[in-house]
2 protein chains.
Amino acid sequence: MLTGKNYIGNSLSANGIKTFRTFDPKENTENEQVFYEASSDEINQATELAHQAFQVYRTIESSKKSKFLNAIADEILALGDDLVNLVMQEAGFTYERVVGERARTLWQLQMFADLLDEGSWVDATIDTAQLYRKPNPKPDLRKMLIPVGPVVVFGASNFPLAYSTAGGDTVAALAAGCPVIVKSHPMHAGVSELVASAIIKAAQKTGMPNGVFSNLNSSGIEVGIQLVKHPFVKAVGFTGSINGGRALFNLANQRPEPIPVFAEMGSINPVILLPKALQKRNEEIAKIYAQSITLGSGQFCTNPGLILGIKSKELDSFTNYLSDEILLMKPGCMLHPTIVDNFETNKEKMRQQENIATIASYENGVNKNDGRPLILTVDGTTFLKNPQLHQEVFGPFSMLVQCESIGELKTIISQLEGQLTGTIIAEEEELLIHSNIVEALQNRVGRLIFNGVPTGVEVCPSMQHGGPYPASTDSRFTAVGIHSIKRWVRPFTYQNWPNELLPKALQDENPQKIIRLINNQLSDSAI
Amino acid sequence: MLTGKNYIGNSLSANGIKTFRTFDPKENTENEQVFYEASSDEINQATELAHQAFQVYRTIESSKKSKFLNAIADEILALGDDLVNLVMQEAGFTYERVVGERARTLWQLQMFADLLDEGSWVDATIDTAQLYRKPNPKPDLRKMLIPVGPVVVFGASNFPLAYSTAGGDTVAALAAGCPVIVKSHPMHAGVSELVASAIIKAAQKTGMPNGVFSNLNSSGIEVGIQLVKHPFVKAVGFTGSINGGRALFNLANQRPEPIPVFAEMGSINPVILLPKALQKRNEEIAKIYAQSITLGSGQFCTNPGLILGIKSKELDSFTNYLSDEILLMKPGCMLHPTIVDNFETNKEKMRQQENIATIASYENGVNKNDGRPLILTVDGTTFLKNPQLHQEVFGPFSMLVQCESIGELKTIISQLEGQLTGTIIAEEEELLIHSNIVEALQNRVGRLIFNGVPTGVEVCPSMQHGGPYPASTDSRFTAVGIHSIKRWVRPFTYQNWPNELLPKALQDENPQKIIRLINNQLSDSAI
């Protein structure tokens, strides 16, 4: 079923000489299929095709684009257990995790299909002419969002389905009217080829132009670099490490024509334990956090990597509970031996910092590529002084910081790097008493959680997934939910344009019955 | 009345040793007032104050911020002819132009005050909890736009009021909840101080925190560089040259924490003359374009610097009409002798390119700093080959390109750099016949005009002022109209937050009666 080739638009291609294979972390062995890294020529062909396809695709009616997205969902589902098994083989996930992630991927496709069918997402804004206004007549102006052009999406290691080939970035870009070139994650080249085959089938069945989608293999950084530098590429979506995301961001901004890069990068997702909550719910909190820290072997961008509390006997007993709970967890397989190696190295680096103590370290016999959880602790003063302790350790890891006082806690929060999320575990009255803590945390995060865990990102319109740098490269956008489409569109105005030649969204008759801002009033009426 | 000092928040300060004076281009003489360039210490004080003020200002109710903006308008108006005369003295404008620009400035303040009073601009998005959802309960999620932090605004040379101290960038940032530090344009240091005094008065009268606004003098690039690099600064607004804007953009992206720069830069605003329109309305088109090219001495970013037509006898006679009309125009004073010098140098550079001919060159006796209009012409092949001919010549200048064919015209358009606007002069049926021309132009611009002129930017919700690079650094935003506020805000989500502690915009009761997206339906109801 797999070929190991690249999809250059609708065609399979393997002109390159560099090859690689993926790895089964559960079996601790290389998978059989050989993949052909995209050559420089193939990259140029894919971008040229995307550029040409854009001229057609951007003008295709919303209802047809919606059918395309739904068809992708159908084709992915039709891959059945071939796909599920391959994800397990390339990512070490459990069957349940893969099926869950596939459901999310299908839901995202359907959500954007619905958005296109409804149609109001283009933010149609109309100011009608005032021909007799003094001193000058006012022209007729009509604005809507239009696609920016071909988008390059980098597959994520930790979401081989939901944030990769047909994942959130891709579906938002396709919905916006942008062709997509995926640079698949080297760990998931097979999954990416399978999903790409589904997208290509869907594109052909629904009459989409050749080049609306391509899927390129790569094992190193060259393919990504050439893509981001290519003049036909107009935006980039990335999920991964700070180093990787920043490198792409720099590259894109150094182009003669800079382009936007939305990179969702590192986050340690601070959790603040306020005293009264600890007094009341010590054990319960420890239990849900042991689960959250180890969920998916800690390989989520919302993993709670930092817990902040104030020295007290309640914090001590929380520590004991957390230690017990962590040691009860069953470690799970990580994505790849290099991920496991990095996890072990980074844990060791943390352990060797000054004034660090261990709360819980899972050392029992585990399988070769399982992630062994580790919880460390440090005092607030040391944490403040040592930025090394603020680094993300990707995996089931968390650092508990024991502060001297609320004042020190606030100082630590306000000096934290930007984060995707911040969580406050508190009794309700403590939010008021410590409003300065809440405000300091709000300045550093994209999402604030009350008495919950940061893991488990709901895909819905009110989700913000992004935050101040380095959580993401541009806090003004989200990577999750319908509003993530805004990364790939720009406002465009028609002045005094003939009504019948305007896009439907802007025509007097409002044939799509969408909600529009007309002379500064929202309305779904005709003009 | 003027002191020549900087406003560091509410205090006048002049600790620096570098001084400079502004210039009266009409009188061709330096103005009397000496200005003190902001010192490094003063810059640090202003950013520290802005950082502190942000913690307070962002939590101040919309209705109070609205009063602040209206108070700024009142105080600017109260400056009366002192302000009008000073603008004339520092910019060489006519009285009418200054009064017109002041009206626009006041309108912008009022428009954003109204936006705050209405309140729906925060894009409140709510998904209510589903406690019994399987397999996991759905949390309550509520999202709204919040300010990014202190914003630095660079005053524009060509809009000393409407795009400077209390101009579009500043008012959008203040409305968003961001403190503003203005680096005033060196040509308009006096105007900036006067307007700053109005803003400070308004801030004090309406109880805004000290540091919500500062105004710094500078004659070189150092003050701007230090501001953009300062860690407390979270976004930048700039209107000016490509070189200046790109330098700031690069600087901001090289920071450890990159910040967004919205720079509205160069544009030659191509105008396409289609054959049938020329056959019918030759003379009329020439007349309105002679006016548009010379309006405000050509010192508008929407000045039509490029006219594209197809060789024909109608184009020849258009050329003759345009030549006659241009020579009938009365040249006006430009902003500054250096602007005049640059204009003369750039005109001369253009004239010396290969295959260039002159259509109209105003050489009659004019005042010292008047801008003498120039219209050149060149064939399409030469224009395609020589990117030097695509450069903006800031002033009353335009280049008429005579294409061999519609095919060549399309090639030229699709290879143009990004532009603020594109105009098509055509009979309606020509838009259909030449739809590929329209589509090619749409890809390169932010606003498409039918049978009009690009100058005269309406300030209204449906205006897009921005476009593909280098028209602006990020085509996904506008610099004009209510949506320009989106440059300075980021989405922020509360998860399971207690209702009474949420911002009003997100509370169940919807006390502000704003329009919100609740469970994916727009509504102004309570929950």
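The values are calculated or read from the model by the stated rules, or taken from the named source; none is laboratory data. In this text the structure is predicted, and so the values were computed from the model without any measurement. Methodologically, a virtual Cβ is constructed for each residue, glycine included, from the backbone with ideal geometry; neighbour enumeration extends over all protein chains shown.
Assuming A:G92 fulfils every condition listed in (1) at positive phi; (2) surrounded by fewer than 24 Cβ atoms within 10 Å (Cβ to Cβ) apart from one, which condition is it?
Going through the list (1) at positive phi; (2) surrounded by fewer than 24 Cβ atoms within 10 Å (Cβ to Cβ), A:G92 breaks only (2).
Out of A:K205, A:K201, report the one residue that is surrounded by fewer than 24 Cβ atoms within 10 Å (Cβ to Cβ), basic (K, R), within 19 Å of A:N6 (Cβ to Cβ) and assigned by TED's automatic domain parsing to the domain that holds A:H51. Even if it seems obvious, please write down each step before you answer.
Working: A:K205 fails: within 19 Å of A:N6 (Cβ to Cβ).
Within the list A:K205, A:K201, the selection yields A:K201.
Hey, can you tell me all the residues within region B:57-66 that are assigned to a helix (DSSP H, G or I) and either of a type in the set (G, A, S) or surrounded by fewer than 20 Cβ atoms within 10 Å (Cβ to Cβ) (or both)?
B:S62, B:S63, B:K64, B:S66
Looking only at region B:116-156, count every residue that is at the interface with chain A (Cβ under 10 Å from one of its Cβ atoms) and farther than 30 Å from B:N496 by Cβ and tell me the total.
Residues in region B:116-156 being at the interface with chain A (Cβ under 10 Å from one of its Cβ atoms) and farther than 30 Å from B:N496 by Cβ: 0 in total.
For the condition at positive phi and touching a strand residue (DSSP E or B) at 6+ places or on another chain (Cβ under 8 Å), what is the one hit in B:G167, B:G149, B:G207? Give the derivation first.
On the way: B:G167 fails: at positive phi; B:G207 fails: touching a strand residue (DSSP E or B) at 6+ places or on another chain (Cβ under 8 Å).
One residue alone meets the criteria, B:G149.
Could you tell me whether any residue of region A:115-136 is of a type outside the set (S, T, Y), at pLDDT 95 or above and within 23 Å of A:S184 (Cβ to Cβ)?
Step one: filter region A:115-136 for residues of a type outside the set (S, T, Y), giving A:115-119, A:121-124, A:126-127, A:129-131, A:133-136.
If we keep only those that are at pLDDT 95 or above as well, we get A:115-119, A:121-124, A:126-127, A:129-130.
Pick out the ones that are also within 23 Å of A:S184 (Cβ to Cβ) and you get none.
Checked against the condition, which is being of a type outside the set (S, T, Y), at pLDDT 95 or above and within 23 Å of A:S184 (Cβ to Cβ), region A:115-136 yields no hits at all.
Write out, first by first residue and then by second, each pair whose Cβ atoms fall under 7 Å of each other, whose residues are 6+ apart or on separate chains, and whose first residue, in region A:424-446, is at the interface with chain B (Cβ under 9 Å from one of its Cβ atoms) and under 19 Å from A:L306 (Cβ atoms) while the second is acidic (D, E) and in a helix (DSSP H, G or I).
No pair meets every condition.
Does region A:34-56 include one or more residues that are free of Cβ contacts under 8 Å to residues at least 60 places away in the same chain, in a loop (DSSP other than H, G, I, E, B), more than 30 Å from A:L506 (Cα to Cα) and not assigned by TED's automatic domain parsing to the domain that holds A:L295?
Taking region A:34-56 first, the residues free of Cβ contacts under 8 Å to residues at least 60 places away in the same chain are A:34, A:39, A:41, A:45, A:55.
With in a loop (DSSP other than H, G, I, E, B) added as a condition, the list becomes A:34, A:39.
From what's left, more than 30 Å from A:L506 (Cα to Cα): A:34, A:39.
From what's left, not assigned by TED's automatic domain parsing to the domain that holds A:L295: A:34, A:39.
Yes, there is a match, as at least one residue in region A:34-56 is free of Cβ contacts under 8 Å to residues at least 60 places away in the same chain, in a loop (DSSP other than H, G, I, E, B), more than 30 Å from A:L506 (Cα to Cα) and not assigned by TED's automatic domain parsing to the domain that holds A:L295.
Does B:S241 satisfy the condition of being of a type in the set (G, A, S), under 21 Å from the mean Cα position of the chain (by Cα) and in the same structural domain as B:Q402 (by TED's automatic domain parsing)? Spell out how you get there, then give the answer.
On the way: of a type in the set (G, A, S): yes; under 21 Å from the mean Cα position of the chain (by Cα): yes; in the same structural domain as B:Q402 (by TED's automatic domain parsing): no.
Answer is no for this residue.
Might you let me know whether region B:385-400 holds any residue that is part of a helix (DSSP H, G or I), surrounded by fewer than 15 Cβ atoms within 10 Å (Cβ to Cβ) and over 30 Å from the mean Cα position of the chain (by Cα)? Steps first, please.
Within region B:385-400, the first condition is being part of a helix (DSSP H, G or I), and the residues that meet it are B:385, B:387-390.
Subset that is surrounded by fewer than 15 Cβ atoms within 10 Å (Cβ to Cβ): B:385, B:387-388.
Pick out the ones that are also over 30 Å from the mean Cα position of the chain (by Cα) and you get B:385.
So far as region B:385-400 goes, yes, one or more of its residues are part of a helix (DSSP H, G or I), surrounded by fewer than 15 Cβ atoms within 10 Å (Cβ to Cβ) and over 30 Å from the mean Cα position of the chain (by Cα).
Can you tell me which residue within region A:345-369, out of those that are farther than 27 Å from A:C403 by Cα and not β-branched (V, I, T), is surrounded by the most Cβ atoms within 10 Å (Cβ to Cβ)?
A:N369
Please go through region A:180-219 and pick out each residue that is assigned to a loop (DSSP other than H, G, I, E, B), in contact with a Gly (Cβ under 6 Å, 6 or more places away or on another chain) and in contact (Cβ under 8 Å) with a residue 40 or more places away in the chain. Show your work before the answer.
If we filter region A:180-219 for residues that are assigned to a loop (DSSP other than H, G, I, E, B), which is where we start, we get A:184-185, A:206-212, A:217-219.
Next, from what is left, pick out any that are in contact with a Gly (Cβ under 6 Å, 6 or more places away or on another chain): A:184-185, A:210-211.
Selection gives A:N210, A:G211.
Restricting the search to region A:208-227, which residues are buried (at least 24 other Cβ atoms within 10 Å of the Cβ) and out of contact with any Asp or Glu (no Cβ under 6 Å at 6 or more places or on another chain)?
Taking region A:208-227 and keeping what is buried (at least 24 other Cβ atoms within 10 Å of the Cβ), we get A:208, A:211-218, A:223, A:227.
Listed by number, the residues that qualify are A:M208, A:G211, A:V212, A:F213, A:S214, A:N215, A:L216, A:V223, A:L227.
Would region A:360-381 turn up any residue that is closer than 29 Å to B:G149 by Cα, at pLDDT 95 or above and either more than 28 Å from the chain's Cα centre (by Cα) or assigned by TED's automatic domain parsing to the domain that holds A:V98 (or both)? Reasoning before the result, please.
We begin by selecting, within region A:360-381, every residue closer than 29 Å to B:G149 by Cα; these are A:380-381.
Filter once more, so that each one left must be at pLDDT 95 or above: A:380-381.
Then keep just the ones that are either more than 28 Å from the chain's Cα centre (by Cα) or assigned by TED's automatic domain parsing to the domain that holds A:V98 (or both); that gives A:380-381.
Within region A:360-381, one or more residues are closer than 29 Å to B:G149 by Cα, at pLDDT 95 or above and either more than 28 Å from the chain's Cα centre (by Cα) or assigned by TED's automatic domain parsing to the domain that holds A:V98 (or both).
Given the criteria under 30 Å from B:Q464 (Cα atoms), more than 17 Å from the chain's Cα centre (by Cα) and either within 14 Å of chain B (Cβ to nearest Cβ) or buried (at least 24 other Cβ atoms within 10 Å of the Cβ) (or both), does A:G177 qualify? Write out each step before concluding.
Values: under 30 Å from B:Q464 (Cα atoms): yes; more than 17 Å from the chain's Cα centre (by Cα): yes; either within 14 Å of chain B (Cβ to nearest Cβ) or buried (at least 24 other Cβ atoms within 10 Å of the Cβ) (or both): yes.
Taking the combined requirement at face value, the residue satisfies it.
Evaluate region B:3-25: report whether one residue or more is at pLDDT 95 or above, surrounded by fewer than 17 Cβ atoms within 10 Å (Cβ to Cβ), outside any loop (DSSP other than H, G, I, E, B) and out of contact with any strand residue (DSSP E or B) (no Cβ under 9 Å at 6 or more places or on another chain).
So far as region B:3-25 goes, yes, one or more of its residues are at pLDDT 95 or above, surrounded by fewer than 17 Cβ atoms within 10 Å (Cβ to Cβ), outside any loop (DSSP other than H, G, I, E, B) and out of contact with any strand residue (DSSP E or B) (no Cβ under 9 Å at 6 or more places or on another chain).
State yes or no: is B:L273 surrounded by fewer than 24 Cβ atoms within 10 Å (Cβ to Cβ) and among the aliphatic types (A, V, I, L, M)? Give the derivation first.
Values: surrounded by fewer than 24 Cβ atoms within 10 Å (Cβ to Cβ): no; among the aliphatic types (A, V, I, L, M): yes.
Taking the combined requirement at face value, the residue does not satisfy it.
Look at region B:478-527 and say how many of its residues are more than 7 Å from chain A (Cβ to nearest Cβ) and hydroxyl-bearing (S, T, Y).
Residues flagged as more than 7 Å from chain A (Cβ to nearest Cβ) and hydroxyl-bearing (S, T, Y) within region B:478-527 amount to 3.
Check whether at least one residue in region A:468-476 is at the interface with another protein chain (Cβ under 9 Å from one of its Cβ atoms), closer than 30 Å to B:M463 by Cα and in contact (Cβ under 8 Å) with a residue 60 or more places away in the chain, and report yes or no. Full working, then the answer.
The initial filter retains those residues of region A:468-476 that are at the interface with another protein chain (Cβ under 9 Å from one of its Cβ atoms), namely A:468-470, A:473-476.
After this cut, where a residue has to be closer than 30 Å to B:M463 by Cα as well, the list is A:468, A:473-476.
From what is left, the residues that are in contact (Cβ under 8 Å) with a residue 60 or more places away in the chain are A:473-474.
Scanning region A:468-476 turns up at least one residue that is at the interface with another protein chain (Cβ under 9 Å from one of its Cβ atoms), closer than 30 Å to B:M463 by Cα and in contact (Cβ under 8 Å) with a residue 60 or more places away in the chain.
Name the strands (runs of 3 or more DSSP E) wholly inside region B:230-344 in which the number of residues that are away from chain A (no Cβ under 14 Å) and under 27 Å from B:S405 (Cβ atoms) is 1 or more.
On the way: elements: B:235-239, B:261-264, B:270-273, B:306-310.
In region B:230-344, B:270-273, B:306-310 are the strands (runs of 3 or more DSSP E) which contain 1 or more residues that are away from chain A (no Cβ under 14 Å) and under 27 Å from B:S405 (Cβ atoms).
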